């Protein structure tokens, strides 16, 4: 039996561009600005999986619940209409750079009774084929790295207008091909994480119309760090705080309009500014525990409060429904230039025919500045009948 040679994997588009940009952050300067973006492992967990929220600037914390609610805010599951549903989504990713990277998402949500609901979902991120080389840069064939997560969610309603939710997540990152990298034995990355959330809504009257105001909070991907070698560095998961609010006006029997806004902030350490010897000049040491990283993420930026505020992303959006059968959506995603500079417009539409829903979204951005330009997402869903 021939032993595996000592090789390294040249996943240049994925590691250099992917793990600093796929993770939804850029590590390069844009328009002359200095970037101090935050990088994490398994950044696919931060990619919006479904076309509905993908068309709304990646906002979804407080909008009406559906089969994809487990990703955005699992507590919304308790307010599902009917008895639940299933949804499948697909998105080609970074097609300007790579032809075969894509994200697939499959979810199921169901009501257990009037108060409780559950959901299960699978996220599968295919990073495309990567070339293998030995130490002499001789090609050894190709390898196809993938990452995936499996989720189980539970939500319970407390009263008529408030609910709490919890998700448990298993994460696997198959990037190393279990080879020897820079003298260290490589292996796949594994982690267990959890989400905790709340959702509240209040029926009201606004401008002479029936209306609904809702808000939600979701803390996601709280879990152990990931390592890709026996004694190598461990990396934070993309632990994230999402806060959102949505206001819906029921204009008449046929027309319904929703405006929503989501705020997001990574709860992981901001890299400090160091000198050539590695001494910290500004900021705090980012080699800390998960708990310390979460609580310290609000006060550790080298630039102080100003930089902390720059780490918040904004997603304003709207959704219009006609006769609960046809929807149009649009949104905007804003990220500070010093923290990645993702700024793009999203549009999309949806059709609901009886129990079948079809949704589409399209991302509009400058092709010269954003590798996410022209990103599309498709979602297909099926809603179950109302429980008797």
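No value in this document is a laboratory result; all are computed from the given coordinates. These numbers come from a predicted model, not from an experiment. We place every Cβ from the backbone using ideal geometry, glycine too, and count neighbours over all the protein chains shown.
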Could I get the Rg over Rh figure for segment 175-300? Both from C-alpha atoms, Rh via Kirkwood, rounded to two places. 1.20
For segment 231-288, what ratio Rg/Rh do Cα atoms give with a Kirkwood hydrodynamic radius? 1.36
Just the number, please: Stokes-Einstein D of the chain in µm²/s, Kirkwood Rh from C-alpha pairs, 37 °C, 0.692 mPa s. 150
Relative contact order for the chain, counting Cα pairs under 8 Å that sit 6 or more residues apart, in percent: 19
Largest first and in whole Å, give the semi-axes of segment 82-170's equivalent ellipsoid, each being the square root of 5 times a Cα gyration tensor eigenvalue. 41, 13, 9
Scaled by the rule-of-thumb 2.2 N^0.38 Å, the alpha carbon Rg for segment 325-370 gives a ratio of 1.52
Taking just the alpha-carbon atoms of segment 232-334, what radius of gyration and Dmax come out, in angstrom? 20.0, 67
With a bin width of 10 angstrom, please list the P(r) values of segment 38-143 as percents of all Cα-Cα pairs, from the 0 bin to the one holding the largest distance. 13, 35, 27, 14, 8, 3, 0
Could you work out how far apart the two model spin labels at residue 106 and residue 164 are, taking each label as a point 7 Å from the Cα in the direction of the beta carbon, and quote it in nm? 3.2
